[in-house]
Amino acid sequence: MNSNSSVQFNEQGVPVSTTFDDIYFSVDNGVDESQYVFLAQNGLPDRWQTLSAHGCFTIAETGFGTGLNFLLTWQRFLEHAPSDTRLHFVSFEKYPLSRSQLNQAYQLLKPVAEVSSEFLKHYPAPDPGCHRLILSQGRVILDLWIGDINELLPQWLPQAQQKVDAWFLDGFAPAKNPEMWQHSLYEAMSQASYSKTTFATFTAAGSVRRALQQAGFLVSKVPGFGRKREMLCGQYSESNKLKRSDRRNVTIIGGGISAACTALALTRRGVDVKVISPDIADGASGNPQGAVYPLLHAEHTPLSRFYWQAFSTATSFYQTFCSENWFPTGVMQPAFNEQRKTRYQRIADNLYAKESVNYLQPAEAGEKAGVPLGVPALLYPKAGWLRPEAVVKSLFKAAGVELVKAKAVSLKQTDNKDWNVLLDNGESLSAERVVIATGHHVNSLLPQGIEALPIQPVRGQVSLVQTTSKLSSLKAVLCFKGYLVPADKEHHCVGATFSRNNDSLATKAEDNEENIRQLTENAQQPWAESLDVKTARVSVRATSPDHQPVAGALSDNLYILTGLGSRGFTSAPVLGEMLACQLTEELMPLTESALRRISARRFQS
């Protein structure tokens, strides 16, 4: 899928859209133009000074373009806003620029060089949907919605009611891009605004002014920037109020990656969090190495769409919070039989952005892998591997939560809809809201009267092998039927077995043999032979019948996060964000249809 914008750079170095025959920013001074038109006319940065502790300022933008407005807002927010406040920037873009196009455009934007350099490290592949990026230690969130704004707004709007503080109406001029400046845009602005919501736009077109007035905005004409005579700005005129964030405390039961991501997302929003778990990363999140990459199908499916969006958040999240334990080496899937070769060619045949996945011929694949493969392979260039236990522990440490080292054995709801959590040491704790994130054990904690979830345990054993002279040069994660990870402290993780309806934690010698046999047979290379297993570890994945995660509200003040399967480290960051936003009533990073598909209530009769 090639959704990148058609761009040329003029003699001044300014990007020009050949689709719309218009420039992306002012030839004279793009940064000053953005400051004057979008920040100053929306009362920024002064309005940030009135934010309460842990308050969030939300901006919605039409037309991300080069990201200049976002970059400048990000920079100014860090410079001027109180340190305990947050920025949430939502932007829609139909024709995203490529990373190389952005890099070239940024050569003219030296005043935002520091943030633009950081942004390029997080910039996602331009596949459709919402890509949530976590920046500046979670103080700044960018939701980049890629696609036609007319199609995306109905999916975004139900959760955006009265939540936007300021609108940046950018994009190309109404005369050149009339498809964007439609009635549906102004109607969405009205629904997402409240009495103090402001807007600003570079255009002074009469059609825009009249449409904004009809949508309930007070509109003013003010001098434009540079050669532009006039522009529009104003404020919403209705008396409805901003929807306030819900910061009641939350108790999370569980000590794995899903619990850690949720805890961090909540504490970043000013919510007091207590975690109940016998230990940290003692279950499926405790393997020595784990791969992070999207699940892409040979056709676009709801599941693949979820995972490519989750992947963007995951890579941004780990780079922000766990860079010392995150290694974006690339992940490769060698086409070790004809069936896989055919499927991989279909996946890479213009179905997804080249920044997401590439099909490499044997020689190039071997060079990228660092070891001979002898077959073609898919390459996920932004993917990689991490140290699961270290990541989970560092996330809990960053969250600064209170840890109760005990096992929760039952939940009972009180008359006022709070919860009593009974522990295995005989004590009980009171909780206003509870999140159960205990993997395949989730049903053991569901209160009487709540239907059990169809969560299946799947046992998996990984084998840790000593590196060899032939294998030590491995540079990328290799995924055959199982996976092989580059060496960490002279050892490679190989795995994993897949045993349904099995929750035994005992290691088995025959499982080590199966892991090595499968790797040897699939790879058909000398480096896969005579590998020495040093140790093994067993964990139990939690899976759902439709292979989607199970996340969200299940009953009053009771929430679930489970069913992450074998890609928990790919999906947990976006699910933790989603759950935290649901709990605090903030904007979520998924469409309404995606939220329904992963809803914890979808299995209830």
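The residues listed here are Ser239, Ser277, Ser258, Ser285; of these, the one that is among the hydroxyl-bearing types (Ser, Thr, Tyr), at pLDDT below 95 and closer than 30 Å to Leu422 by Cβ is Ser285. Would you confirm whether any residue within the range 261-268 is buried (at least 23 other Cβ atoms within 10 Å of the Cβ), among the polar types (S, T, N, Q) and modelled with pLDDT under 95? Checked the range 261-268: no residue is buried (at least 23 other Cβ atoms within 10 Å of the Cβ), among the polar types (S, T, N, Q) and modelled with pLDDT under 95. Of the residues Leu474, Leu453, the single one that is modelled with pLDDT of 95 or more, within 19 Å of Gly384 (Cα to Cα), out of contact with any Lys or Arg (no Cβ under 7 Å at 6 or more places or on another chain) and not in a strand (DSSP E or B) is Leu474.
The residues listed here are Ser555, Ser469; of these, the one that is over 21 Å from Ile257 (Cα atoms) and touching a residue at least 12 places away in the same chain (Cβ under 8 Å) is Ser555. A single member of Ala166, Ala175, Ala160 is open to solvent by 40 Å² or more (accessible area, probe 1.4 Å) and among the hydrophobic types (A, V, I, L, M, F, W, C), and it is Ala175.
Of note, Ser34 does not satisfy the criterion of being of a type in the set (Gly, Ala, Ser) and either surrounded by fewer than 17 Cβ atoms within 10 Å (Cβ to Cβ) or in contact (Cβ under 8 Å) with a residue 60 or more places away in the chain (or both). Within the range 165-181, can one find any residue that is touching a Cys at 6+ places or on another chain (Cβ under 8 Å), of a type in the set (Phe, Trp, Tyr) and within 23 Å of Gly55 (Cα to Cα)? No - not one qualifying residue is present in the range 165-181. Would you check if Thr543 is without any contact (Cβ under 8 Å) to a residue 24 or more places away in the chain and within 29 Å of Lys481 (Cβ to Cβ)? So Thr543 does not fit the description; no. Cβ-Cβ distance below 7 Å, separation of 6 or more or different chains: which pairs start in the range 488-510 with a residue that is in contact (Cβ under 8 Å) with a residue 60 or more places away in the chain and end on one that is outside any loop (DSSP other than H, G, I, E, B) and exposed (fewer than 15 other Cβ atoms within 10 Å of the Cβ)? From the range 488-510, the pairs are His491/Gln466; His491/Lys534. Within the range 540-567, the set of residues being out of contact with any Pro (no Cβ under 9 Å at 6 or more places or on another chain), at pLDDT below 95 and outside any loop (DSSP other than H, G, I, E, B) comprises Ser566 only. Scanning the range 422-444 for residues that are over 25 Å from the mean Cα position of the chain (by Cα) and within 23 Å of His547 (Cβ to Cβ) yields His441, Asn443, Ser444. The residue that is least open to solvent (accessible area, probe 1.4 Å), among those in the range 511-527 that are farther than 13 Å from Ala496 by Cα and without any contact (Cβ under 8 Å) to a residue 12 or more places away in the chain, is Thr520. Listed by first and then second residue, the pairs linking a residue in the range 171-185 that is over 13 Å from Ala204 (Cα atoms) to a residue that is open to solvent by 50 Å² or more (accessible area, probe 1.4 Å) and of a type in the set (D, E, K, R), with Cβ atoms under 8 Å apart and 6 or more places separating them unless they lie on different chains, are Lys176/Asp21; Met180/Lys94. Residues of the range 479-504 being on the phi < 0 side of the Ramachandran plot and in a loop (DSSP other than H, G, I, E, B), which ones? Phe480, Lys481, Gly482, Val485, Pro486, Ala487, Ala496, Thr497, Phe498, Asn502, Asp503, Ser504 - these are the residues of the range 479-504 that are on the phi < 0 side of the Ramachandran plot and in a loop (DSSP other than H, G, I, E, B).
Please verify whether the range 68-83 includes one or more residues that are assigned to a loop (DSSP other than H, G, I, E, B), buried (at least 21 other Cβ atoms within 10 Å of the Cβ), in contact with a strand residue (DSSP E or B) (Cβ under 7 Å, 6 or more places away or on another chain) and of a type in the set (S, T, N, Q). Scanning the range 68-83 turns up no residue that is assigned to a loop (DSSP other than H, G, I, E, B), buried (at least 21 other Cβ atoms within 10 Å of the Cβ), in contact with a strand residue (DSSP E or B) (Cβ under 7 Å, 6 or more places away or on another chain) and of a type in the set (S, T, N, Q). In the range 275-288, the qualifying residues are those that are in a helix (DSSP H, G or I) and of a type outside the set (Ser, Thr, Tyr), and the one that is surrounded by the fewest Cβ atoms within 10 Å (Cβ to Cβ) is Gly286. Of all the criteria given as (1) open to solvent by less than 30 Å² (accessible area, probe 1.4 Å); (2) out of contact with any Gly (no Cβ under 6 Å at 6 or more places or on another chain); (3) among the hydroxyl-bearing types (Ser, Thr, Tyr), the one not satisfied by Ser190 is (2). Consider Phe498 carefully, then state whether it is touching a Gly at 6+ places or on another chain (Cβ under 7 Å) and not β-branched (Val, Ile, Thr). Criteria met by Phe498. Residues in the range 377-421 that are open to solvent by 30 Å² or more (accessible area, probe 1.4 Å), small (Gly, Ala, Ser) and part of a loop (DSSP other than H, G, I, E, B): 1 in all.
Residues satisfying the criterion are absent from the range 349-361 (criterion: surrounded by 18 or more Cβ atoms within 10 Å (Cβ to Cβ), out of contact with any helix residue (DSSP H, G or I) (no Cβ under 8 Å at 6 or more places or on another chain) and hydroxyl-bearing (Ser, Thr, Tyr)).
Answer yes or no as to whether Glu114 is free of Cβ contacts under 8 Å to residues at least 24 places away in the same chain, of a type outside the set (Ser, Thr, Tyr), assigned to a helix (DSSP H, G or I) and open to solvent by 10 Å² or more (accessible area, probe 1.4 Å). No: the conditions fail for Glu114. Across the range 295-323, the qualifying residues are those that are over 15 Å from the mean Cα position of the chain (by Cα) and without any contact (Cβ under 8 Å) to a residue 40 or more places away in the chain, and the one among them that is most open to solvent (accessible area, probe 1.4 Å) is Ser323. Is the range 509-523 home to any residue that is on the phi < 0 side of the Ramachandran plot, hydroxyl-bearing (Ser, Thr, Tyr) and over 26 Å from the mean Cα position of the chain (by Cα)? Yes, the range 509-523 contains at least one residue that is on the phi < 0 side of the Ramachandran plot, hydroxyl-bearing (Ser, Thr, Tyr) and over 26 Å from the mean Cα position of the chain (by Cα). Within the span defined as the range 345-353, one or more residues are of a type outside the set (A, V, I, L, M) and closer than 30 Å to Pro526 by Cα. Can you confirm whether Leu232 is out of contact with any Cys (no Cβ under 6 Å at 6 or more places or on another chain), open to solvent by less than 10 Å² (accessible area, probe 1.4 Å), over 22 Å from Val392 (Cβ atoms) and modelled with pLDDT of 95 or more? Answer is yes for this residue. Could you give every pair whose Cβ atoms fall below 9 Å, whose first residue belongs to the range 46-62 and is at positive phi, and whose second residue is buried (at least 17 other Cβ atoms within 10 Å of the Cβ) and in a strand (DSSP E or B), counting only separations of at least 6 or pairs across chains? Note: pairs meeting the criteria are His54/Arg86.
The values are calculated or read from the model by the stated rules, or taken from the named source; none is laboratory data. Note that this is a predicted model, so its numbers are computed, not measured. Glycine also receives a Cβ, built like all others from the backbone with ideal geometry; neighbour counts cover every protein chain displayed. Accessible surface is based on the protein model in full, side chains and every heavy atom, while ligands, DNA and RNA are left aside. Shrake-Rupley method; radii C 1.70, N 1.55, O 1.52, S 1.80 Å.
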